[in-house]
Amino acid sequence: MAELGIGAIALRLAVALAAGLAIGFEREQREKAAGLRTVALVSSGSAMLVLGAVLAAPDEVVRMATGVATGVGFLGAGAILRERGEVIGLTTAATVWVAAALGVSAGLGQYALTALGVALTLVILALIGRVDMRRVQSDARTYEIAYAPSAWDEARSGACFAEEGLAATLLALERSAEGVRVTWRVIGRVDRHEQLLRRLPACSSVTAFTVSA
């Protein structure tokens with residue numbers, strides 16, 4: 001492998017930085033956790049690590065690239081959270097991982113691959129991100145439902161959720177002279193929740209209900 005001059009090294013680092021800035025700018029505009037600086041640092045740092053292997057131990061380049069992918073995976077995992085029964089931050093974690101891949105490709109001098117990678121990533125983040133997938137994604141909600149005291153039956157009440165394709169877990173039950181108040185944690189697609197809300201008033205002795213995220 002021919003020895004790299006300072007100009008070639010600077011060019012590879014500049015391409016890695018540009019790739020990170022392009023992806024990071026899109027993330028910054030959407031106010032995501034991994035913004036401009038984070039993504040740019042990940043891509044630049046990945047390029048530096050690979051370049052170090054190229055200069056000092058060319059036979060270890062593949063091993064270094066694999067190490068970068070693994071190490072950045074742990075970094076991205078820190079952005080993944082569980083909130084109200086839902087997992088969030090997966091796209092942010094994936095973006096950090098892709099930024100590292102772009103840095104590796106730039107560090108190896110694969111400029112065409114880096115450019116195509118940036119373009120593909122921006123298409124996924126900016127264009128596909130506009131498609132509203134919320135209605136078919138899983139959503140977790142808490143239902144507090146009041147039932148008539150003499151007609152409460154857990155199996156029949158739970159069947160109301162199952163008939164709409166929702167998974168319901170009974171969290172709390174309170175009996176009084178006025179009736180039975182039950183708290184359910186319900187998980188399922190958004191459109192299924194909407195269907196349930198339309199038919200819930202007529203379902204198994206329901207007298208009142210409230211829903212929260």
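Would you mention how many residues in segment 1-21 are touching a helix residue (DSSP H, G or I) at 6+ places or on another chain (Cβ under 6 Å) and open to solvent by 50 Å² or more (accessible area, probe 1.4 Å)?
4
In this structure, is Ile9 among the hydrophobic types (A, V, I, L, M, F, W, C), farther than 20 Å from Val123 by Cβ and at pLDDT 90 or above? Break it down stepwise before answering.
Details: among the hydrophobic types (A, V, I, L, M, F, W, C): yes; farther than 20 Å from Val123 by Cβ: yes; at pLDDT 90 or above: yes.
Yes.
Which of the residues that make up segment 22-40 are assigned to a loop (DSSP other than H, G, I, E, B) and either free of Cβ contacts under 8 Å to residues at least 12 places away in the same chain or surrounded by fewer than 17 Cβ atoms within 10 Å (Cβ to Cβ) (or both)? Before you say what the answer is, go through the steps one by one.
First, the residues of segment 22-40 that are assigned to a loop (DSSP other than H, G, I, E, B): 30-35.
Residues satisfying the conditions are Arg30, Glu31, Ala33, Gly35.
Could you tell me whether Gly89 is under 30 Å from Trp184 (Cβ atoms), modelled with pLDDT under 75 and either in contact with a strand residue (DSSP E or B) (Cβ under 9 Å, 6 or more places away or on another chain) or open to solvent by less than 20 Å² (accessible area, probe 1.4 Å) (or both)? Break it down into steps so the answer makes sense when it comes.
On the way: under 30 Å from Trp184 (Cβ atoms): yes; modelled with pLDDT under 75: yes; either in contact with a strand residue (DSSP E or B) (Cβ under 9 Å, 6 or more places away or on another chain) or open to solvent by less than 20 Å² (accessible area, probe 1.4 Å) (or both): yes.
Taking the combined requirement at face value, the residue satisfies it.
Check Ala148, Ala126 and return the single one that is out of contact with any helix residue (DSSP H, G or I) (no Cβ under 8 Å at 6 or more places or on another chain) and at pLDDT below 90. Walk me through it before giving the result.
Values: Ala126 fails: out of contact with any helix residue (DSSP H, G or I) (no Cβ under 8 Å at 6 or more places or on another chain).
The unique qualifying residue is Ala148.
With segment 100-213 as the region, which helices (runs of 4 or more DSSP H) entirely inside it contain at least 3 residues that are in contact with a Ser or Thr (Cβ under 9 Å, 6 or more places away or on another chain)? Talk me through it step by step, then tell me what you get.
Values: elements: 111-122, 154-162, 190-199.
Here the list reads 111-122, 154-162.
If you check Glu154, Glu164, which single one turns out to be open to solvent by less than 30 Å² (accessible area, probe 1.4 Å) and farther than 17 Å from Thr210 by Cα? Walk me through how you get there before you give the answer.
Working: Glu154 fails: open to solvent by less than 30 Å² (accessible area, probe 1.4 Å).
Matching residue, one of Glu154, Glu164: Glu164.
The values are calculated or read from the model by the stated rules, or taken from the named source; none is laboratory data. Because the structure is predicted, anything quoted here is derived from the model rather than measured. Backbone-built Cβ (ideal geometry, glycine too); neighbour counts: all protein chains shown. When the accessible area is computed, the model is the full protein with side chains, heavy atoms only, and any ligands, DNA or RNA have been set aside. Shrake-Rupley method; radii C 1.70, N 1.55, O 1.52, S 1.80 Å.
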